[in-house]
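The values are calculated or read from the model by the stated rules, or taken from the named source; none is laboratory data. What you see is a predicted model; the values in this text were computed from it and never measured. We place every Cβ from the backbone using ideal geometry, glycine too, and count neighbours over all the protein chains shown. Just so you know, the surface numbers come from the protein's heavy atoms only, side chains and all, with ligands and any DNA or RNA stripped out. Shrake-Rupley method; radii C 1.70, N 1.55, O 1.52, S 1.80 Å.
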Amino acid sequence: MKTHRKELWFETSTRIAFINITGQVEDALRASGVREGLCLVNAMHISASVFINDDERGLHHDFTQFLEKLAPHEPTAQYRHNDTGEDNADSHIKRQVMGREVVVAITAGKLDFGPWEQIFYGEFDGRRRKRVLVKIVGE
Amino acid sequence: MKTHRKELWFETSTRIAFINITGQVEDALRASGVREGLCLVNAMHISASVFINDDERGLHHDFTQFLEKLAPHEPTAQYRHNDTGEDNADSHIKRQVMGREVVVAITAGKLDFGPWEQIFYGEFDGRRRKRVLVKIVGE
Amino acid sequence: MKTHRKELWFETSTRIAFINITGQVEDALRASGVREGLCLVNAMHISASVFINDDERGLHHDFTQFLEKLAPHEPTAQYRHNDTGEDNADSHIKRQVMGREVVVAITAGKLDFGPWEQIFYGEFDGRRRKRVLVKIVGE
């Protein structure tokens, strides 16, 4: 059994951002030499997500609108978490809805994807350095 | 280490549908010969889900109502994704809430389930041929 | 390849509860002897979740408020699932939003976590004995 570990680092200029990380995960897979197995990709921070969906700018706008309506950032005083001095309770909720991680099959040395699947880093409390973990297990 | 790969195909007659695929995943597990390991089951399309919940028709009605209230299909012009000529922005959002994939433990050659766990394909933009991937890793 | 299986049991005194199970998962990992691999932690019941977020009481209050607004318990007659004699349709929906499972990387014999990641059991229909499965695969 082979394993491979890679951290990806991000610092977005906006509070909310979606970044296509498929190429970076494919790079990690090539470096691993794994041909058959599983690839875990997870946010290492609890106000960010990793998810799979469409690389389409309009959809990312729709996700942002949807999440902001569901768990609005303002007024920050509506959340008890923000009594701690934080202002990111909404980011923790948004991340929970979008998910922490994806597990992708590895077949014949490639991410075993359907036609439109792309992996995204979803940032909900940006403007600071944050990490994604790629862990590859197989042979 | 053994791996096994199987695609399941679906074409639903309605836009939204829930299909119990537990038996088909169990068939793939038997074919794999794996006794201990992990079984990944994921939608290969980004407007569909794989999730685990109850096989009860009333609950599926409740899921549909819940998701339709959260991210209504109509009016389609409320979503920027639909400016591309698509009308399925809501389907991408619904899939994100319900999840893309499940990972199930394999113990003694069986899906290691609690008493009511059943695996579902959740379709949110049906009436076309779409796929689910089953990937089994273990020994 | 090594595998290890452990069940964790819970019986909460309230309908909704969040319990930090990180220490129990770390105990299972130590018992497994696995140094590199993947750790699956999933609710075995379909009205409960396992998720990763912050161990902060205010945030758990916010999650509860958020979920109750999204899928209120009362009036129970608003859900078709409850026509079966159950009163927990909302619990199935809440679990779906929060997720069934997490998959955590194992690196050098430890859960490979970011600075604030903690694993929680999320109960949405408590006051009965329910289980979480920990399945560790690696070497």
**7 Å along Cα→Cβ, label-point gaps from residue A:9 to other copies, nm, shortest first** = 4.7, 4.8
**Prompt:** Considering only protein heavy atoms, what per residue accessible area in square angstrom results for chain C with a 1.4 angstrom probe?
**Reply:** 38 Å²
**Item:** Candidate lysines for bridging to residue B:69, where Cα separation is under 24 Å - those fewer than 8 sequence places away on the same chain excluded
**Value:** A:69, A:94, B:94, C:69, C:94
**Charge dipole of the protein assembly as shown about the Cα centre (unit charges at C-beta), most positive-ward option of B:19, A:16, A:1** = A:1
**Item:** Net charge contributed by nearby residues that have their C-beta within less than 12 Å of residue C:57 (K/R +1, D/E -1)
**Value:** -4
**Message:** Starting from the Kirkwood Rh over alpha-carbon pairs, what translational D in µm² s⁻¹ does the range C:1-113 have by Stokes-Einstein at 4 °C and 1.567 mPa s?
**Reply:** 81 µm²/s
**Prompt:** With charges set only on the Cβ (+1 for Lys and Arg, -1 for Asp and Glu), what does the dipole of the protein assembly as shown come to about its Cα centre, in debye to the nearest 20?
**Reply:** 1180 debye
**Complete:** 1/(1 + (r/R0)^6) with r = Cβ-Cβ of residue A:69 and residue B:15, R0 = 35 Å, i.e. FRET efficiency to nearest 0.05, evaluates to 0.95
**Message:** Shape verdict for the protein assembly as shown, please, from the Cα gyration tensor: rounded (a/c under 1.5), prolate (a/b greater than b/c) or oblate.
**Reply:** rounded
**Asked** Going through the range A:1-50, which GluC sites (Glu not before Pro) have at most 14 other Cβ atoms within 10 Å and a DSSP loop state?
**Response** A:11
**Request:** Summarise the accessible area of the range A:39-121 (1.4 Å probe, protein heavy atoms) by the percent that is carbon and sulfur.
**Result:** 50 percent
**Prompt:** Of C:38, C:59, C:92, which is farthest along the charge dipole of chain C in the positive direction, counting Lys and Arg as +1 and Asp and Glu as -1 at C-beta?
**Reply:** C:38
**Asked** Measuring from centroid to centroid over Cα atoms, what is the spacing of the range A:92-139 and the range A:1-59 in Å?
**Response** 4 Å
**Environment charge at residue C:40 (Cβ cut-off 9 Å; Lys +1, Arg +1, Asp -1, Glu -1)** = 0
**Fill in**
Under the 7 Å Cα-to-Cβ spin-label approximation, residue A:78 and residue B:27 lie apart by a distance in nanometres of 4.8 nm
**Complete:** Net charge (Lys, Arg +1; Asp, Glu -1) of residues whose beta-carbon lies under 11 Å from that of residue C:72, residue C:72 excluded, is -1
**Cα-based reach from residue C:110 at 21 Å (exclusive), listing lysines while leaving out same-chain residues under 8 positions away** = A:2, A:6, A:130, A:135, C:2, C:6, C:135
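Could you tell me how many cubic angstrom of Cα convex hull volume the range B:48-132 has per residue? Show your work: numbers first, answer last.
Working: hull volume 9.6 nm³, N = 85.
Per-residue hull volume (Cα only) is 113 Å³.
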